[in-house]
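Student: One structure follows; several queries about it will come next.
The values are calculated or read from the model by the stated rules, or taken from the named source; none is laboratory data. This one's a predicted model, so the numbers in the text were calculated from it and none came from an experiment. Don't worry about glycine lacking a Cβ; one is built from the backbone with ideal geometry, like all the others, and counts go over all protein chains shown. The accessibility values were calculated without ligands, DNA or RNA, using every heavy atom of the protein model including side chains. Shrake-Rupley method; radii C 1.70, N 1.55, O 1.52, S 1.80 Å.
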Amino acid sequence: MIALLIRDLRLAVRAGGGFGLGLSFFLIVVVLVPFGVGPESGLLSTIAPGILWLGALLACLLSLDRILALDWEDGSLDLLATAPLPMEAIVSIKSLAHWITTGLPLVLAAPVLGLLLNLPDAGYGPLVLSLLIGTPALSVIGTFGAALTVGLKRGGLLLSLLVLPLYVPTLIFGAEMARRSIEGMDATPPLLMLAGITCGTIALLPFASAAVLRVNLR
Amino acid sequence: MPDLGKYAQAVLASYAVSIALIVAMIVVSILRARKMKVQLKEVEGRIKSNG
Amino acid sequence: MELNVSDLSVSRGGIAVLEGLSFSILEGEALVLRGPNGSGKTTLLRTIAGLQPPLRGTIGLEREAMAYAGHSDGIKSVLTVRENLQFWADVFETGAIDPALQAFDLSALENRPAGGLSAGQKRRLGLARMVVSGRPVWVLDEPTVSLDLASVAMFAEAVRAHLAAGGLALLATHIDLGLSEARMLDVTPFKAIPPEIDDFDGDFL
Amino acid sequence: MGSIWEYANPKKFIATTDKVLPWVSLLALVALVGGLVWGFFFTPDDYKQGSTVKIIYLHVPSALMAINVWIMMLVASLIWIVRRHHVSALAAKAAAPIGATMTLIALITGAIWGQPMWGTWWEWDPRLTSFLILFLFYLGYMALWSAIENDDTAADLTSILCLVGSVFALLSRYAVNFWNQGLHQGASLSMDKEENVADVFYYPLLLSIAGFILLFIALVFLRTQTEIRARRMRALLARERMS
């Protein structure tokens with residue numbers, strides 16, 4: 001299991017694009033927002049948590065099909081299927097590798113980009129916390145979407161159509177948590193819901209993703 | 001025609017759109033059903049003749 | 001340790017391709033499946049290797065006993081030869097990889113990224129992976145495609161060593177393997193008869 | 001009559017539905033036209049809502065159907081996963097476009113109905129928004145069906161997507177309520193199943209709901225037959241290519 005994780009991380013680093021892709025996309029999206037919405041800082045700070053969360057979500061979405069597609073093309077997915085590892089473990093490790101290479105950097109970059117959108121000071125802590133709790137769910141759900149579309153030629157567009165509706169609860173609770181703490185309201189309900197969703201997806205979704213992969217490997 | 005008062009435009013619009021969508025759904029389903037029946041007959045005929 | 005398959009039928013895309021297949025491979029024996037392209041050899045191998053469920057019939061051994069090698073070797077071109085092999089050794093939890101490297105004289109290429117290898121070298125790395133997997137039954141699909149004569153001989157040597165050590169091998173190919181002593185099985189007589197047209201049930205045929 | 005699973009045989013399914021289809025369609029037509037005409041022409045205006053209350057005869061049944069069609073697809077997917085009956089997978093595939101259209105009708109009529117009260121054409125009301133999300137799920141489901149050539153794989157993948165999608169649809173339903181709770185008071189007329197309206201509105205509503213349900217049944221029979229025939233044609237063509 002650990003070997004698979006280490007290999008995937010090494011692949012992501014050495015093949016390049018692993019870390020950089022998600023981060024640079026996140027930066028670009030956040031930088032573009034003021035051009036679209038106008039530089040007026042009052043407005044920016046009200047929408048900052050939502051934009052940061054949306055940017056993180058889209059950055060995650062961007063690098064999803066790389067999780068399984070590379071192994072599908074060079075046949076190592078078949079070989080992994082005959083390895084002693086259960087498919088559920090393989091899928092979970094893949095999500096973890098995706099979270100480490102894409103999710104984590106987003107969490108670290110979010111406060112810095114928060115400055116660009118002059119996020120109110122009260123927002124930094126909760127934003128990072130909500131992203132830290134929410135991004136694993138994004139990776140696990142994304143892996144499910146990647147498994148669904150792994151065999152398809154132009155699966156990228158379909159992947160986002162399938163995954164984005166599944167991201168709605170995480171996005172709502174994540175952004176809500178940051179927004180409520182900025183307004184000084186009590187942010188624990190959204191926090192608990194977000195944590196609930198993340199734990200639920202981590203525990204249950206790998207079984208669905210594994211079932212989907214077994215179907216696709218047929 | 002009942003007097004729809006100031007909301008006439010809204011009520012008529014929603015009825016028009018809904019009925020249009022329902023009719024479209026029915027027509028599309030029927031056309032597709034007919035087309036498929038014909039295609040299937042043709043393929044079955046071809047396969048049976050030289051099967 | 002022997003693999004016996006009884007009355008196996010396999011399907012591709014929901015349609016039966018081969019049916020009524022029965023054979024058994026004893027310890028130290030190799031069986032080569034012959035047949036034209038598209039006759040279902042690959043589907044048969046994937047079913048025996050446990051990648052897909054059979055339509056009917058039983059396979060003697062569990063998936064855990066099989067080491068499968070498909071057309072593409074699953075080699076990560078960015079990782080070096082050693083890293084590729086070490087990964088598989090860790091996954092299969094078998095020991096050091098040096099004997100396998102020596103067996104396929106890959107030690108010289110140890111630290112070269114796998115992307116730089118020739119087709120023959122890549123195939124040798126794929127075979128080294130089979131050795132490292134420590135699984136008794138080798139299931140190989142077109143193992144000698146794009147290999148020069150020397151590599152084919154070397155491949156035959158490796159299979160013989162595996163058989164001598166008490167392993168089994170099931171191969172599919174339509175070109176020469178250099179394994180003269182292996183038993184042959186032509187799959188064409190087992191081609192599935194397409195079901196009756198009017199039998200509407202089953203797979204809509 | 002034998003067990004229900006008898007109807008899983010495609011040929012028998014077509015034979016039976018051919019017999020039933022004309023009657024169901026007739027009933028659907030009568031109920032639908034009856035309900036709408038009765039509701040539109042012969043019911044008074046609501047004292048508060050004015051004539052917009054007449055939209056109830058479209059909005060409530062379509063909202064009801066939007067949810068129940070997805071539940072039907074969920075059940076059909078479960079039947080496919082457990083008992084591998086092709087007809088149930090194809091029935092789910094056939095039902096999806098109908099469900100999507102019903103959701104669209106519910107969205108449009110909901111938006112138009114709310115317009116006089118909310119003053120805007122679209123209001124991020126929790127209920128309307130959850131129908132919007134449900135519509136996205138329908139689109140994803142239909143897109144997945146069309147993206148996969150092999151019928152068996154498509155049936156498997158779409159049924160798993162339907163299962164997972166249902167859980168997330170419920171989650172979104174709750175999340176949307178949470179997200180918009182503080183800002184806006186719910187629509188004055190509750191749009192959920194139990195209606196809290198006077199009897200005079202109630203009976204035409206029941207009739208049009210019956211009409212929508214019968215319409216759905218007729219259409220799903222028809223479209224499932226088409227899917228079965230399409231599936232059979234693909235199988236024949238594949239067999240032709242193979243021999």
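Student: Could you check the stretch A:163-218 and list, in sequence order, the residues that are open to solvent by less than 40 Å² (accessible area, probe 1.4 Å) and not in a helix (DSSP H, G or I)?
Tutor: Within the stretch A:163-218, just A:Ala187 meets the criteria.
Student: Using beta carbons and a limit of 7 Å, which pairs, at least six apart or on different chains, have the first residue in the stretch D:18-46 and under 17 Å from D:Trp113 (Cβ atoms) and within 12 Å of another protein chain (Cβ to nearest Cβ) and the second one open to solvent by 30 Å² or more (accessible area, probe 1.4 Å) and modelled with pLDDT under 90?
Tutor: D:Thr43/D:Val200; D:Asp45/B:Gly5
Student: Go through the stretch D:73-85 and report how many residues are more than 17 Å from D:Asp152 (Cβ to Cβ) and either within 11 Å of chain B (Cβ to nearest Cβ) or crowded, with 20+ Cβ neighbours inside 10 Å (or both).
Tutor: Within the stretch D:73-85, the first condition is being more than 17 Å from D:Asp152 (Cβ to Cβ), and the residues that meet it are D:73-75.
From the residues that got through so far, the ones that are either within 11 Å of chain B (Cβ to nearest Cβ) or crowded, with 20+ Cβ neighbours inside 10 Å (or both) too are D:73.
Of the residues in that region, 1 qualify.
A quick yes/no check of all residues on (1) open to solvent by 40 Å² or more (accessible area, probe 1.4 Å); (2) under 27 Å from A:Met185 (Cβ atoms); (3) at pLDDT 95 or above:
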| position | (1), (2), (3) |
| --- | --- |
| D:Val87 | no, no, no |
| D:Leu107 | no, no, no |
| D:Met117 | yes, no, no |
| D:Thr120 | yes, yes, no |
| D:Ile148 | no, no, no |
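Student: Something else: Restricting attention to the stretch A:145-161, which residues are open to solvent by 10 Å² or more (accessible area, probe 1.4 Å) and either facing chain D (nearest Cβ under 7 Å) or part of a helix (DSSP H, G or I) (or both)?
Tutor: Of everything in the stretch A:145-161, those that are open to solvent by 10 Å² or more (accessible area, probe 1.4 Å) and either facing chain D (nearest Cβ under 7 Å) or part of a helix (DSSP H, G or I) (or both) turn out to be A:Leu152, A:Gly156, A:Leu157, A:Leu158, A:Ser160, A:Leu161.
Student: Looking only at the stretch D:116-144, count how many residues are of a type in the set (Val, Ile, Thr) and over 24 Å from D:Lys48 (Cα atoms).
Tutor: Taking the stretch D:116-144 as the starting set, the residues that turn out to be of a type in the set (Val, Ile, Thr) are D:120, D:129, D:133.
Then drop every residue that is not over 24 Å from D:Lys48 (Cα atoms), which leaves D:129, D:133.
So the answer is 2.
Student: From the residues in the stretch C:62-72 that are part of a loop (DSSP other than H, G, I, E, B) and of a type outside the set (S, T, N, Q), which one is most open to solvent (accessible area, probe 1.4 Å)? So that I can check it myself, show each step before the final result.
Tutor: In the first step, residues of the stretch C:62-72 are kept if they are part of a loop (DSSP other than H, G, I, E, B); the result is C:62, C:70-72.
With the extra rule that they be of a type outside the set (S, T, N, Q), the set shrinks to C:62, C:70-71.
On the way: C:Glu62: 127, C:Gly70: 8, C:His71: 105 Å².
Across the stretch C:62-72, the extreme among qualifying residues is C:Glu62.
Student: Out of (1) under 30 Å from B:Tyr7 (Cβ atoms); (2) touching a residue at least 24 places away in the same chain (Cβ under 8 Å); (3) of a type in the set (D, E, K, R), what's the single condition that is false for D:Arg83?
Tutor: (1)
Student: For residues that are more than 7 Å from chain B (Cβ to nearest Cβ) and surrounded by fewer than 21 Cβ atoms within 10 Å (Cβ to Cβ), scanning just the stretch D:49-66, find the one that is nearest to the chain's Cα centre (by Cα).
Tutor: Looking at the filtered set, the residue picked out is D:Leu64.
Student: Then there's this: Can you say whether C:Leu170 is out of contact with any Asp or Glu (no Cβ under 9 Å at 6 or more places or on another chain), at pLDDT 80 or above and surrounded by fewer than 17 Cβ atoms within 10 Å (Cβ to Cβ), as far as the supplied structure shows? First the steps, then the outcome.
Tutor: Numbers: out of contact with any Asp or Glu (no Cβ under 9 Å at 6 or more places or on another chain): yes; at pLDDT 80 or above: yes; surrounded by fewer than 17 Cβ atoms within 10 Å (Cβ to Cβ): no.
No.
Student: Take D:Thr101 and tell me if it is among the polar types (S, T, N, Q) and free of Cβ contacts under 8 Å to residues at least 24 places away in the same chain.
Tutor: Working: among the polar types (S, T, N, Q): yes; free of Cβ contacts under 8 Å to residues at least 24 places away in the same chain: yes.
The answer is yes for D:Thr101.
Student: Could you tell me whether the stretch B:2-11 includes any residue that is open to solvent by 20 Å² or more (accessible area, probe 1.4 Å), under 25 Å from D:Ala66 (Cβ atoms) and modelled with pLDDT of 90 or more?
Tutor: No.
Student: Let me ask you something else. Failed condition for A:Ser24, given (1) small (Gly, Ala, Ser); (2) open to solvent by 20 Å² or more (accessible area, probe 1.4 Å); (3) within 27 Å of C:Phe87 (Cβ to Cβ), with all others met?
Tutor: With (1) small (Gly, Ala, Ser); (2) open to solvent by 20 Å² or more (accessible area, probe 1.4 Å); (3) within 27 Å of C:Phe87 (Cβ to Cβ) applied to A:Ser24, the lone miss is (3).
Student: Which one is modelled with the highest pLDDT, of the residues in the stretch D:17-48 that are open to solvent by 20 Å² or more (accessible area, probe 1.4 Å) and assigned to a loop (DSSP other than H, G, I, E, B)?
Tutor: Only one residue fits best here, namely D:Phe42.
Student: Then there is this: For the stretch C:19-52, name all the residues that are in a loop (DSSP other than H, G, I, E, B), polar (S, T, N, Q) and over 20 Å from A:Ala81 (Cβ atoms).
Tutor: Taking the stretch C:19-52 and keeping what is in a loop (DSSP other than H, G, I, E, B), we get C:26-29, C:35-40, C:49-52.
Among the residues that remain, those that are also polar (S, T, N, Q) are: C:37, C:39, C:52.
Within the stretch C:19-52, C:Asn37, C:Ser39 meet the criteria.
Student: List the residue pairs whose Cβ atoms are under 8 Å apart, where the first residue sits in the stretch A:38-60 and is of a type in the set (Val, Ile, Thr), the second is assigned to a helix (DSSP H, G or I), and the two are 6 or more positions apart or on different chains.
Tutor: The qualifying pairs are A:Ile47/A:Val33; A:Ile47/A:Val37; A:Ile51/A:Val29; A:Ile51/A:Val30; A:Ile51/A:Val33.
Student: Another one. Test A:Leu70 against the stated conditions and say whether it is within 11 Å of chain C (Cβ to nearest Cβ), of a type in the set (A, V, I, L, M, F, W, C) and surrounded by fewer than 20 Cβ atoms within 10 Å (Cβ to Cβ). Spell out the reasoning first.
Tutor: Values: within 11 Å of chain C (Cβ to nearest Cβ): yes; of a type in the set (A, V, I, L, M, F, W, C): yes; surrounded by fewer than 20 Cβ atoms within 10 Å (Cβ to Cβ): yes.
Taking the combined requirement at face value, the residue satisfies it.
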